[in-house]
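Notes follow once the structure below has been shown.
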Number of protein chains: 2
Amino acid sequence: MNFIKQFAVKPDKKFNLDKVDPECAELKISKKEARDATAENIEVMRKLQFRMYAENKQSLLVIFQAMDAGGKDGVINSVLGPLNIQGCRVVSFKQPSTLELAHDFLWRAHLAVPRTGEVVVFNRSHYEDVLVTRVHGQVSAGECERRYEHINAFERLLSDRNTRVVKFMLHISKDEQLKRFADRLKEEDKHWKISESDYTEREHWKEYMKAFEDMLNNCSTECAPWFVIPANRKYIRDLAVSDILRRVLENMHTEFPEPTADMKKIKAMARAEAEKAGIKL
Amino acid sequence: MNFIKQFAVKPDKKFNLDKVDPECAELKISKKEARDATAENIEVMRKLQFRMYAENKQSLLVIFQAMDAGGKDGVINSVLGPLNIQGCRVVSFKQPSTLELAHDFLWRAHLAVPRTGEVVVFNRSHYEDVLVTRVHGQVSAGECERRYEHINAFERLLSDRNTRVVKFMLHISKDEQLKRFADRLKEEDKHWKISESDYTEREHWKEYMKAFEDMLNNCSTECAPWFVIPANRKYIRDLAVSDILRRVLENMHTEFPEPTADMKKIKAMARAEAEKAGIKL
């Protein structure tokens, strides 16, 4: 199955979020099959990440957005966590600081983008500024339209400098969210994470879905596509995200750099050193 | 075995690097035993990392220095790699950029230190500025002395703000380095990493050891100790580093924060929501 084709939001077509089933009931695959395929995708991703790091010419920016308990942390830990930590960095965008608020809304995102060879994961992102702020009336509809354009220009800039930008909306149902909140209540070690607003925000569910849908329709571009991942079942979510990232990395066609040193000369140096030390290599 | 006691460089005692056997022949332990104990240490580290992240009051800075092929990348991948990527970041210090050179030598290190709750790993560090620069005569002995003082003051500042600073010198023998270089020559995918200077730098081995020894004698402090890890055998190296980090994390005595919300009220909200949705939690 090619999840890129299945879950991409096409730039030239009206996208209807209602039509996505968060359960993905149509997909018949056992948990074990999904987990095995995910593990295989991750193995390939690890190899490709190393080659991208070695090549040092391109980079990858992965963005996750979702409703609370949508599985951002989960998918980051299971699919991105196994990558080599030396070339992969996660940036979590929380409430903006005073310094961040003293700048335009893309400033803090720009500071955090990957350098060549690097994978960077945004846990939330600049898209918060057209989602939560919009639902709570902190930005007008007109301002939101302008922000979509700023975002598209920003992501095109990254893309022009060989950064692949891949954006995932993890889509869960309202009932699934409630179940996950209930699970947190059962784990004492997670009570510090819980707040009343988890529940009061649920009253705005429909407005959130509308804000997501508008964002998807305005900001899924050729160079920085959105993917809507049915995320009620975690093993489907992990499979789809790993499949897409594997394909993106494959499509980068990275190559190991040529050696900069003269390998014959190096081998002679190695032999001379070994002789001097009286050891066999 | 308590590797903290065994491998710490004591602030009040002259330290002699010659006396450390990179092979650590005295330690009788099978590879399997060492690997099992390391895996157990890492499991504990993962739990403690999560609690530190949740507590959000303290942080951990881990510094690695070594000769080339000393195993910095290896130990970071095997011992720190399994931590949760969302609270752990690796910073590699390479040749300083023009911007970095336009500042004092601690500037780029300071920019990269951990925020509360975070683990940061320095792959090389501000110590390069009293090692490679000294060996190549770019800083005078007097300047080096001043730098030791600046470093100690800097690390005390971090420690005063609840950052534990733990520093590892991975100590390999000159022959072991040659063997590892030879191994790299056998892997075509790693040829891009190889340069002639790998071999020419070996001529300065003694001066490097002297620079390391002076650094260890001047900069191992109560609040930011150095550990010299015998690193010829990778499984001993990983065991020692994981044992020390586990103990450091244990000694932080972190605690999960109290819930900020009223749990009774939250549970009532959860029940009301479930009833409204007609689902059983």
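The values are calculated or read from the model by the stated rules, or taken from the named source; none is laboratory data. These numbers were taken from a predicted model, which means no experiment stands behind them. Glycine also receives a Cβ, built like all others from the backbone with ideal geometry; neighbour counts cover every protein chain displayed. The protein model used for the area step is the full one, side chains on, heavy atoms only, and it has no ligands, DNA or RNA in it. Shrake-Rupley method; radii C 1.70, N 1.55, O 1.52, S 1.80 Å.
Details
- Max mean-square fluctuation residue, GNM over chain B, Cα-Cα springs under 10 Å, options B:LEU131, B:LEU17, B:LEU111: B:LEU111
- Helix A:141-160 axis, angle to chain A major axis (alpha carbon atoms, nearest 10°): 10
- Among the residues of B:71-83, the average count of other protein chain beta-carbon atoms within 10 Å of the residue beta-carbon is 2.
- Restricting the range A:146-177 to trypsin sites (Lys or Arg not before Pro) in coil, as DSSP defines it, with at most 16 other Cβ within 10 Å: A:ARG161
- Rg/Rg_ref, the range B:1-133, where Rg_ref = 2.2 N^0.38 Å and atoms are Cα: 1.21
- Within the accessible area of the range A:1-113 (1.4 Å probe), percent carbon and sulfur: 54
- Helix A:205-219 and the long axis of chain A differ in direction by around 50°, with both axes built from C-alpha atoms.
- For the range B:22-77, the spread of Cα coordinates along the three principal axes comes to 40, 28, 18 Å, biggest extent given first.
- The alpha carbons of the range A:103-150 occupy a box of 38, 18, 17 Å along the principal axes, longest dimension given first.
- Distance between the range B:158-180 and the range B:46-105 - C-alpha centres, whole angstrom: 11
- Note on the range B:1-51: Cα-only Rg and Dmax are 14.6, 39 Å.
- Using the alpha-carbon positions of chain B, Rg (one decimal) and Dmax (whole number) come out as 21.8, 76 Å.
- Ignoring aspartates and glutamates fewer than eight residues from B:LYS57 along the same chain, the ones with Cα atoms less than 17 angstrom from its Cα are A:ASP189, B:GLU118, B:ASP160, B:GLU250, B:GLU255, B:GLU258.
- Computed Rg/Rh of the protein assembly as shown, alpha carbon atoms with Kirkwood Rh: 0.99
- Radius 13 Å from Cβ of B:CYS144, net charge of other residues (Lys, Arg +1; Asp, Glu -1): -4
- Size-normalised alpha-carbon gyration radius of the range A:133-222, reference 2.2 N^0.38 Å: 1.39
- Rolled with a 1.4 Å probe across the full set of protein chains, the surface gives B:MET1 an accessible area near 120 Å².
- Rounded to 5, the percent of DSSP beta bridges in chain B classed as antiparallel: 5
- For chain A, the longest piece that avoids every one of the GluC sites (Glu not before Pro) found in DSSP loops with at most 13 other C-beta atoms within 10 Å covers A:27-186.
- Rounded to the nearest 10 degrees, the angle from helix B:174-186 to the longest Cα principal axis of chain B is 70 degrees.
- Structure-based [θ]222 nm, chain B - -39500 (n - 2.57) summed over DSSP H runs of at least 4, per residue, nearest 500: -14000 deg cm²/dmol
- Interchain or long-range residues, amide H under 5 Å from B:VAL228's placed H: B:VAL9, B:MET169
- Total lysine pairs under 26 Å (Cα atoms) in the range B:141-224, excluding pairs fewer than 8 apart on one chain: 14
- Radius of gyration and Dmax over the Cα atoms of the range A:50-204, both given in Å: 17.1, 48
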